[in-house]
């Protein structure tokens, strides 16, 4: 198929909207890679996904079948078939200990006249802004008719040819005559080079680019690869960016508290508690830092939700710019109903 070379990528109008430099007189838009490669910045930020490394020893057999738990923890990506108006799926899994990337294409739909499927790996994703693939990049070629697979590398002259590097892959396809299309499954394991795990900066994540397409350029992931005019039109910057790192968690603070507040002076008279009654203001101050609070035995009938929606618990969060919380109150001195109150901001 020749070199997956380039031509102009983003139009100048879109380039300017993204805040990037643009010179309509050049062959390529001089896109600069941002210092950060988080999924909200950098190359093709809208097509970026985190792939968390999976530890453990769950065996994966490269046999073209998705065995039980084999792809537990994998990331699922869509594969688009434009002309067929079909959507399929693929799974991407990174094994932490072996630094091996596993890819499973699950019966993706291609045209009946398609003869080859390609999985392309951009190994030095953040090294430069060139749209051209380099000698460090790799691609898997799968023959739709025979199921034969071959891993290829790019020569200095820009020609793809077989590589001696290790890989393991299985491909199988069949014609679905009822839907007038061909469905293909590919399972692949490829050890990644050390460069794939070198982050561009200290506060960013390492990663690679990944793309899937057929020789008819009607099926692809990302979907832009299913709407090109041939191999020469594929821009490496249009591939999906896989970032290797754990997903960022959501900070959430949860509190469960049996306050045992039965009324003014009641605690002392029943339990002989020398500390007496705890003021509602003190209870509210304890609740304020938490996002979700479950409180039991707060007081007399109706006091629970009135307290949750009132100024004591909500205003400190509002003044501090903290989003509204949510509280659930159980009033044991009444009819034992559990009330789930509205957000803590009235």
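No value in this document is a laboratory result; all are computed from the given coordinates. Every value quoted in this text rests on a predicted model; they were computed, and no experiment measured them. In this analysis, Cβ positions are derived from the backbone assuming ideal geometry, glycine residues included, and neighbour counts consider all displayed protein chains.
For the range 81-167, what does the equivalent ellipsoid look like in terms of its semi-axes, each the square root of 5 times an eigenvalue of the Cα gyration tensor, given largest first in whole Å? Provide the component values of the computation, followed by the final result.
Numbers: eigenvalues 113, 61, 46 Å².
Result for the range 81-167: semi-axes of 24, 18, 15 Å.
Grouping the Cα pair distances of the range 120-159 into 10 Å bins from zero gives a pair-distance distribution of 27, 46, 22, 5 percent in increasing distance order.
Each principal axis of the Cα cloud of the range 116-253 was taken in turn, and the coordinate range along them, longest first, works out to 53, 48, 30 Å. A simple packing score, the average count of other Cβ atoms within 10 Å per residue, orders the peptides 110-119, 218-227 as 218-227, 110-119, with the highest score first. Each peptide in 181-189, 201-209 was scored by the mean count of other Cβ atoms within 10 Å over its residues; highest first, the order is 181-189, 201-209. Ranked by the mean number of other Cβ atoms within 10 Å of their residues, highest first, the peptides 166-178, 120-132, 79-91 come out as 120-132, 79-91, 166-178. Extension gain for residue 285-residue 128 works out to 51.3 nm (0.36 nm per residue, less the C-alpha to C-alpha distance). Using a Förster radius of 35 Å, what is the FRET efficiency between residue 96 and residue 150 based on their Cβ-Cβ separation? Nearest 0.05, please. Taking R0 as 35 Å, the efficiency between residue 96 and residue 150 is 0.80.
Stretching the chain fully between residue 83 and residue 62 yields a gain of 4.5 nm (0.36 nm per residue, less the alpha carbon separation).
Computed from the C-beta positions of residue 253 and residue 164 and an R0 of 45 Å, the FRET efficiency is 0.25 to the nearest 0.05.
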